[in-house]
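Take a look at the structure below.
The values are calculated or read from the model by the stated rules, or taken from the named source; none is laboratory data. Just so it is clear, the structure is predicted and the values come from calculations on it, not from any experiment. Cβ placement follows ideal geometry from the backbone for every residue including glycine, while neighbour counts extend to all protein chains displayed. The accessibility values were calculated without ligands, DNA or RNA, using every heavy atom of the protein model including side chains. Shrake-Rupley method; radii C 1.70, N 1.55, O 1.52, S 1.80 Å.
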Amino acid sequence: MHCPSIPLSKHKMAEQKCEVCRKPAKQFCSSCREVFYCSRDCQKQDWKTHKAKCKPFVIKTHPVYGRYMVASRDIRAGEVILKEPHLVIGPKQRSAPVCLGCHKSVTGSYICKGCNFPVCAPSCEISKYHKAECQVLARATGKIRIDNMSAAHPAYECILPLRCILLKESDPKKWEEIRNMQDHVEDIKNTELHNVIQRNTVEFLKHYLKFDGVDSEEVYRVCGILMTNSFELKHHGTKVRGLYAQSAMMAHDCIPNTKHTFETDSTMILRATRVIPKGSAITSTYTNTLWNTLQRRKQIKVAKFFLCNCRRCSDATELGTHLSTLVCSQCGGDVVSTKPLDMDASWACTKCNQSILGRTVFWGNQQLYKELRGFDSSTARPLEQFLEHYQKALHPRHWFFMEAKFAIVKMFGNHPNYRYRDLSREQVEKKVSYCRELLELADVIDPGLSLFRGTLLFELQAALVALAKILLSNEIITKEKTQDYMSEAVTLLHEASEILKHEPEMESGGLDAKLKALSDELDL
């Protein structure tokens, strides 16, 4: 597939020459806008050469953060920025047993004859993922026992680092791309992960498997590269991690301007969620955009070894969203951090200056996080009680409240215990209200064509249809008024469909199937 060309504006016509025949050029590549052609024939002829260079971004270097992507032209919302195959893919650092031939879950009923690791079938013993590593794993000085197929096993921690190192001989170009990635080795050495890597990967490879492909320092560095740069994805239904050479160079931002999905062959597709002006950084997020600043910065520090200083993290109110704001016990005012970029800084009321120790806020944050995560996912009652119980301690739009409301939105109308036909008017109205509230939040922290917004738009349109049916059946509104609800629902559905159509579960008829199920549920 080649990129289309578009006419060059009149003032540039005489200035450019065709990349192929050097004749005056009137068109240029519509993707990168850097190469010019006199005709479609010349463009098609040059595509094989130009394809590898045709990207709407350049790589720049920051003195502190290293290499990062910058838009070389204005990028449209929804535009594909990059399609990139993985350099290497394999089990996560903490992984339950998976087939090393295809990454599907395993039962343990079939064992690889070469290395004694569980695989799906004989064909997976010689798959492209497993064939080379099998010879190394077979050198184990003792028999590797993997009995529990549901619990994480330390033997899997060495698999992806080993696959990276084996590229040194099988694909030197890929190996060089991996070696050029940032590793954060010195930061890792100061964490509890150091001993885990040293024991379960470095010593396991060097001593237990007698692997001499690289020295211990290089094995450790590869582990650092994987921790710093890998993306989590699903491959054949199992969560794995992969390295992507160019995508790894995206800068982090707590309000990202891209989203990424993965095709069945694990190719990453990177799309812009909103307009990215020329010269702007192309950003992703390493954390959950719904989390508040304390939780996001903690997660990024642990997983990626740096502290984010973006404009959202730098603002005590998180750009007016109040996802971190507490309620003052003395006067009911807003309590925010006095120095948002200092996790140990005190918090103070903006009205009466009542102060709270930073570590107290951090401790409370962790306790409520555990409480929220521990609720029974089959009932909304604990979530509703949580919202009632903490309303005098947390701002109405605090992260924990928004998380609870989002959980209720996804539960009502989707969970078997909460089908639309069984919901009360009050419950449906609650879902509509929560959707609108969360959409206002999304417009600040995850705007544009984000999955978060797409999901909320889809849930809101369904809730509006359900509410209209309830109100009409109870003669609370007329048929004419029902059309207002339906008209808004159609508009919302159109926008939601445009956002969600590229999501893996929505492609290949998934969105149509979801719409049909919803139509049947609402008896439309």
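On the basis of the beta-carbon distance and an R0 of 22 Å, SER280 and VAL444 show a calculated FRET efficiency of 0.75. Placing pseudo-labels 7 Å out from each Cα toward the beta carbon at VAL80 and GLU232 gives an inter-label distance of 2.6 nm.
For segment 208-288, compute Rg over Rh where Rg is the Cα radius of gyration and Rh is the Kirkwood radius from the inverse mean 1/r over Cα pairs. Ratio of gyration radius to Kirkwood radius: 1.07. Mind checking which aspartates and glutamates have their C-alpha under 17 Å from LYS17, skipping anything on the same chain fewer than 8 residues away? Here the aspartates and glutamates satisfying the reach criterion relative to LYS17 are GLU34, ASP41, ASP46. Highest-first packing order for the peptide set 493-506, 319-332 is 319-332, 493-506, based on the mean count of other beta carbon atoms within 10 Å. Remark: accessible surface ordering of TYR65, TYR37 (largest first) is TYR65, TYR37, probe radius 1.4 Å.
For segment 80-172, the alpha carbon convex hull comes to 118 Å³ per residue, rounded to a whole number. The stretch between SER314 and LYS143 holds 56.3 nm of extra length on full extension. This uses 0.36 nm per residue minus the Cα-Cα distance. Normalised size of the chain, defined as Cα radius of gyration per 2.2 N^0.38 Å with N residues, equals 1.12.
With a Förster radius of 56 Å applied to the C-beta separation of THR360 and ALA151, the computed FRET efficiency comes to 0.95. Under the convention that each Lys and Arg Cβ holds +1 and each Asp and Glu Cβ holds -1, the size of the dipole of segment 245-316 around its Cα centre is about 300 debye. Measuring r between the beta carbons of ASP376 and LYS339 and using R0 = 25 Å, the FRET efficiency lands at 0.05.
Here the extension length gained between ILE111 and GLN198 equals 28.6 nm, from 0.36 nm per residue of separation less the Cα-Cα distance.
Per-residue SASA remark: ASP520, around 90 Å² accessible (1.4 Å probe; ligands, DNA and RNA not included). What segment 28-142 shows is 51 Å² of accessible area per residue, with the surface traced by a 1.4 Å probe over protein heavy atoms. Take the Cα of LYS479, step 7 Å toward its Cβ, do the same at VAL70, and the gap between the two points is 6.2 nm. Each of GLU34 and ASN288 was given a label point 7 Å from its Cα along the Cα-to-Cβ line. The distance between the two points is 3.9 nm. Annotation: extensible slack from LYS351 through LYS514 equals 53.8 nm (criterion: 0.36 nm per residue apart, minus Cα-Cα distance).
Cross-link check: pairs LYS234/LYS392; LYS304/LYS392; LYS92/LYS278; LYS51/LYS128 evaluated at a Cα-Cα cut-off of 31 Å; pairs beyond the cut-off: LYS234/LYS392; LYS304/LYS392; LYS92/LYS278.
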